[in-house]
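Here's the structure, in C-alpha cells; my notes come after.
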Amino acid sequence: MKKSLMSAFLLPVAGVSLAGCGVNSVPTAEEEAKARWADVQAAYQRRASLIPNLVATTKGAAASEQQILTNVTEARAKAGSIQITTDDLSDPAKLRQFSESQNQLTQALGQLRTVVEAYPDLKSQQNFQSLMQQLEGTENRINIAIRDYNSAVQAYNTRIRTFPDVIGAKVFYGAEPMATFQATTPNADQAPTVDFGNSGG
C-alpha cells in the first residue's frame, strides 16, 4: 500500500521535473526553427520559379543583353543545386555556402533590373511588370522568412544553453546550437555596374 502511494506521488513529481528540464520545450523549439527554415526555402524556391519567365520575357526586348541573362540563368542553377536539410542547420559552413549562392543570384537579378532601365518598351509590358512585382514581393517574403528563422534559432539556442532546459538538451537530445542565416550581400548598397557597350562613343 505504501509503495503504491509513493509511486502515485513520485510519478507526477518526476514528470514535472522532466518537463522543467527541457524534455518537451527543447524539441518544440527545434521544430519551430526547422519550420521557419522551411519557410525560407519556400520563399527562395518561389523566386527561382519566377526567374525563367522573367528571363524569357526580357530576352524578347533586350536580346543584346544575352550575357546578363545567361548570368541570371547560371546563378539560378547554382543556387538550386545547393540544398540544405534540417540536419545541416547546425553547420554554419553549409549555411554560408547556401547563402553565398543565393547572394550571387540576388546580384545577377540586380544587374537585370539595371538593364531594364535602358529598355522602356520592356518596362511597359504588362507581363514583365507583373513578373517584377511578384519578384519584389518574393524578395520581401525572403527577408521576413529569414528574420523569423533567425528569431526561432535564437530562441532555440538560448533554450538549450540555459537552466533548466540545458539538462534535457544535453542528457536526452545531445542538442547542438543551430546557425543563423545571413543573407547579406557584400556591397549591397552599391548599384551593379552594367556596360551597354556605348560608353566608347
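The values are calculated or read from the model by the stated rules, or taken from the named source; none is laboratory data. Just so you know, these numbers come straight off a predicted model, no measurement behind them. For neighbour counting, all protein chains shown are included, and Cβ atoms are generated from backbone atoms with ideal geometry for every residue, glycine included. Note: areas computed on protein heavy atoms with side chains; ligands, DNA, RNA excluded. Shrake-Rupley method; radii C 1.70, N 1.55, O 1.52, S 1.80 Å.
Miscellaneous remarks
- In the set (1) in a loop (DSSP other than H, G, I, E, B); (2) surrounded by 13 or more Cβ atoms within 10 Å (Cβ to Cβ), VAL55 fails one condition alone, (1).
- GLU136 vs. criteria open to solvent by 50 Å² or more (accessible area, probe 1.4 Å), modelled with pLDDT of 90 or more and touching a helix residue (DSSP H, G or I) at 6+ places or on another chain (Cβ under 6 Å): no
- When GLU117 is tested against (1) in contact (Cβ under 8 Å) with a residue 40 or more places away in the chain; (2) open to solvent by 60 Å² or more (accessible area, probe 1.4 Å); (3) over 30 Å from VAL166 (Cα atoms), only condition (1) is not met.
- Listed by position, the helices (runs of 4 or more DSSP H) contained in region 109-187 that have at least 3 residues being touching a Ser or Thr at 6+ places or on another chain (Cβ under 7 Å) and over 19 Å from ASP87 (Cα atoms) are 126-161.
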